[in-house]
1. Anything in the range A:12-50 that is at pLDDT below 85 and of a type in the set (Ser, Thr, Tyr)? List them, or say none.
2. Please find, among A:Asp227, A:Asp206, the residue that is modelled with pLDDT of 90 or more and surrounded by fewer than 14 Cβ atoms within 10 Å (Cβ to Cβ).
3. Tell me whether the range B:157-176 contains one or more residues that are away from every other protein chain (no Cβ under 14 Å) and of a type outside the set (A, V, I, L, M).
4. Which residues, counting only those in the range B:100-119, are more than 10 Å from chain A (Cβ to nearest Cβ) and outside any helix (DSSP H, G or I)?
5. Can you tell me which residues in the range A:171-203 are small (Gly, Ala, Ser) and modelled with pLDDT of 90 or more?
6. For the range A:140-156, give me each residue that is in a loop (DSSP other than H, G, I, E, B) and out of contact with any Cys (no Cβ under 8 Å at 6 or more places or on another chain).
Amino acid sequence: MSKQMSNVVMSAFVPGLGQFLLGERYRGLGIFLGFLAIVATTLWYGQPLWYLFPFLIWAWNLWDVFGLAAGQKHSVLLPLAFGLAAAYGIGWQVVEIDFSRAKVERAVAILRPMLQPDFIQPRRELNQMWVPVEVPCSSQPPAARREDAGRVATVTPDCGPVGETLLVKVTGLWPKTETNIFWQNPIGNPLMLGEGEIRMLTQMTDEEGALTTVIRVPTTALVAAPDPTLPQFHRVYFEQARPIGGYELSFIGNEVLKGALATVSMALMATGLAVLFAVPLSFLAARNLMSGNPVTYAIYLVVRTLLNILRSIESLIIAIVFVVIVGLGPFAGMLALALHSIAALGKLYSEVIEGIDPGPIEAIRATGANWLQVVRYAVIPQIIPPFTAFTIYRWDINVRSATVIGLVGGGGIGFLLIELIRVNNMRGVSAVFIAIAVIVIVLDYISAKLRERLV
Amino acid sequence: MLRIQNVSKTYPNGTQALKNVSFDVADGEFLVIIGLSGSGKSTLLRCINRLIEPTEGKIIWDDVDITAASPAELRKIRRTIGMVFQQFNLVKRSSVLTNVLSGRLGYANPWTSLLGIWPQEDIAQAMQALERVGIAEKAHSRADALSGGQQQRVGIARALMQNPKLILADEPVASLDPVLSHSILQYLEQLNKEGITVICSLHFLDLVHRYATRVVALKDGVKVFEGSAKEIDRAKFKEIYGEEAQEVRAASL
């Protein structure tokens, strides 16, 4: 009885020690380490409530050592449940889960534009007209008047300093059409003329296609000027647009298509390049070919290890390195994908080679065939279909990776995506999402169909 | 006339598969080799066309020493020795016709054959060989689409393409249903009657009695019996195969 008590006392001070001394070594060690881990994380996160769990485990441990001493073994389900509860609770805290932070208005702000992906737009024609204005005035400013294709635009006075009020008149535009009026400085940057100089000034033309409005020379008109006192010609622009039926790719839509093409070709180039290197490497990494003598076996081990290391580095991380080496763009992404694919394909190919049936090789040799004929008739038919299937599969994976690799500067549609996110163009982002989904689904389907026929 | 003289084979791992085996095979014989799995039957058959190099001894065929042949001479010898395997050893993804044509590789132009181009007469011969084994209609199927018995018939057709003077059959029916065994062995028997020497390893005593003109028995790589099939009674069979032989034979009947 005293021995039993001594074990309980020992477990009270060091959880698991009593169990350990009673011969249940793994049980004792498990209790000790589990208790320690939970106490440590609780100490770290310092929420008083969590001390309940180490206490419960400690209590269970006493009950357990008491039972063990009496020859009874209890299930460890209970302490495992305590440990899991503690881990889950602390995990909740570490991940900073807080559902109240999800705001409906923010979700609406971002999701509403996404319902209208910026991919196509109605086809329209533009009617553009401009008139030069001198800012600031020279001693003899030319008339601020311009005629072009029956349209006449004038500004009065002919020139002015920043902030000067100008009367703008234009005739001969399309009648009853909304017209954007904006400023353009000498280096070609548009400046807004509407409220606060951050909105577009728009006005309808009358039945004759004329409009009259008052503008002020924008405060930022001379920001880019090397010498603000030097008179230079700025322009006032009038721009009208009207639909002419049908649809066309929008500017973003065009960029999305270009990005998609870059992404698919990036994956294709990377896969092609990878195949060139992976095929010879796979023979070196095939155990059945290389285990003949110590030298080849050493080569096998080295190649295999290299491939394994390379394969374990995510292509996204390799891409960051290549972006530094060769600069931004699809080339860096292609190199990263290729390097990762060499490792992945090398391994898959070598497994195919390891799995070939030696029977046909023996049979073809027995017919009196020479070495090349044996390779052509017994080896190649066995490896080409699985090699091709794995290559197509890799291309499929590379297309998915290529979309993500753009995010770190690897070019293609991912690069476009991150740029659109930065300028908060959610309609563009939504167009990119759709394009990525379409590419992945289509390629997934094609690759599955092709592989089905090969295997 | 094939003479096997004091042939021994020791594998690099030290296993001695054949120990000083000698016997002669006259032209036109149907010689059956019996013995337990691992007794050296497969090694012996592969030593004859040097798929396995014998460590010691000579194999002389029609006064040509196969064991001393150069690689080029060896290929010329191999093309006249057909071989049929337990596992059929067809290229599963290739068509039946391609598998049969590959039997012709020893005769074919080495360059055009690499491109997969075959002369019309070879294709005609292949179709004839397939007709002979009764599966001409499967010529364009993939080899693995065929049943085991059909695959072995493709194996025989491939051996036929070599216009062989000798056929080595390594347990040709061991992977097949017992009922199919006779159909396959009858093809070999027919070829044998046309003058092709057959050396065949077999397991079942009733098949041995039915087909063999002469029997060689191996036990642990040593020749323990050579004689006519009739001389092998149950007592002799038991001596070669050990105590479990009874059950094997009962199962085969």
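The values are calculated or read from the model by the stated rules, or taken from the named source; none is laboratory data. Quantities reported herein were computed from a predicted structural model and do not represent experimental measurements. When we count neighbours, we look across all protein chains shown, and the Cβ atoms used for this are built from the backbone with ideal geometry, even at glycine.
1. Within the range A:12-50, A:Thr41, A:Thr42, A:Tyr45 meet the criteria.
2. Values: A:Asp227 fails: modelled with pLDDT of 90 or more.
Sole residue among the options that is modelled with pLDDT of 90 or more and surrounded by fewer than 14 Cβ atoms within 10 Å (Cβ to Cβ): A:Asp206.
3. no
4. Pass one, the range B:100-119, residues more than 10 Å from chain A (Cβ to nearest Cβ): B:100, B:109, B:112, B:117-119.
Correct list: B:Asn109, B:Ile117, B:Trp118, B:Pro119.
5. Looking only at the range A:171-203, we keep the residues that are small (Gly, Ala, Ser), and these are A:172, A:188, A:194, A:196.
Across the range A:171-203, the qualifying residue is only A:Gly172.
6. Taking the range A:140-156 and keeping what is in a loop (DSSP other than H, G, I, E, B), we get A:140-144, A:149-150.
The answer is A:Gln140, A:Pro142, A:Ala143, A:Ala149, A:Gly150.
To keep it simple, each residue is scored yes or no on (1) surrounded by 19 or more Cβ atoms within 10 Å (Cβ to Cβ); (2) within 26 Å of the chain's Cα centre (by Cα); (3) of a type outside the set (Lys, Arg).
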site	(1), (2), (3)
A:Ile320	no, yes, yes
A:Val326	no, yes, yes
A:Gly333	yes, yes, yes
A:Leu337	yes, yes, yes
A:Ala366	yes, no, yes
A:Ala369	yes, no, yes
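For (1) among the small types (Gly, Ala, Ser); (2) at pLDDT 85 or above, each residue gets a yes or a no:
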position: B:Gln151; (1), (2): no, yes
position: B:Leu166; (1), (2): no, yes
position: B:Asp170; (1), (2): no, yes
position: B:Ala217; (1), (2): yes, yes
position: B:Ala235; (1), (2): yes, no
position: B:Ala250; (1), (2): yes, no
